[in-house]
Amino acid sequence: MEIQVGDILIGKVNQVRPYALFLSFDNGAVGLLHISELSDQFIRDIESFGTVGDEIKVKVLSIDPNNGFLRVSYKAIPEKDRYSTHDANKKSIPAFDVADFKDIEEMLPTWIENTMKEIKGKKND
């Protein structure tokens with residue numbers, strides 16, 4: 001199988017560095033998934049994206065003509081099509097709707113008022 005720029009592949013993490021994940025592919029190719037190609041958000045800990053043994057779906061950005069080394073991207077894949085065994089191992093976080101916070105919004109003035117009374121009461125003691 002000849003890999004071309006734009007191909008979508010699943011690579012296995014074989015090395016983790018603070019700046020990148022190194023991946024190996026079924027055909028023997030290897031590649032670098034730089035931290036800047038994981039997300040548009042700041043990444044504090046690259047291991048939150050992948051650890052050795054995880055499989056990650058990536059898009060090929062470039063191929064070094066001298067050695068075939070791949071430069072790949074996770075964020076270049078549409079979010080709905082992304083895949084990582086590391087993601088599958090994470091506990092799901094429930095999604096919140098704005099309506100879920102309606103009670104908090106209604107109660108906040110009362111909580112502030114009660115807290116202020118409590119603070120003023122402690123000052124008078």
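Figures for the structure shown
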{"read-out": "Number of the exception - Gly28 against (1) surrounded by fewer than 18 Cβ atoms within 10 Å (Cβ to Cβ); (2) touching a strand residue (DSSP E or B) at 6+ places or on another chain (Cβ under 9 Å)", "value": "(2)"}
{"read-out": "Selected residue (criterion: farthest from Ile10 (Cα to Cα)) from residues of the range 55-83 that are part of a strand (DSSP E or B) and among the small types (Gly, Ala, Ser)", "value": "Ser62"}
{"read-out": "Single residue of the range 13-27 satisfying the filter (touching a residue at least 40 places away in the same chain (Cβ under 8 Å) and in a strand (DSSP E or B)) that is farthest from the chain's Cα centre (by Cα)", "value": "Leu23"}
{"read-out": "Matching residues in the range 42-54 - criterion: being in contact with a Lys or Arg (Cβ under 9 Å, 6 or more places away or on another chain), crowded, with 16+ Cβ neighbours inside 10 Å and either modelled with pLDDT of 90 or more or not in a helix (DSSP H, G or I) (or both)", "value": "Asp54"}
{"read-out": "Residue satisfying all of: in the range 89-118; loosely packed, with under 10 Cβ neighbours inside 10 Å and aliphatic (A, V, I, L, M); modelled with the lowest pLDDT among these", "value": "Ile93"}
{"read-out": "Failed criterion for Leu32 (all others in (1) at pLDDT 85 or above; (2) of a type outside the set (Ser, Thr, Tyr); (3) more than 22 Å from Asn14 (Cα to Cα) hold)", "value": "(3)"}
{"read-out": "Restricting the range 8-19 to residues that are touching a Leu at 6+ places or on another chain (Cβ under 8 Å) and surrounded by fewer than 19 Cβ atoms within 10 Å (Cβ to Cβ), the residue that is nearest to Arg82 (Cα to Cα)", "value": "Lys12"}
{"read-out": "Residue selected from the range 28-43 under the condition of a type in the set (A, V, I, L, M) and within 11 Å of the chain's Cα centre (by Cα), by the criterion nearest to Lys57 (Cα to Cα)", "value": "Leu38"}
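The values are calculated or read from the model by the stated rules, or taken from the named source; none is laboratory data. Please read all numbers here as calculations on a predicted model, not as lab measurements. Virtual Cβ from ideal backbone geometry, glycine too; neighbours counted across all protein chains shown.
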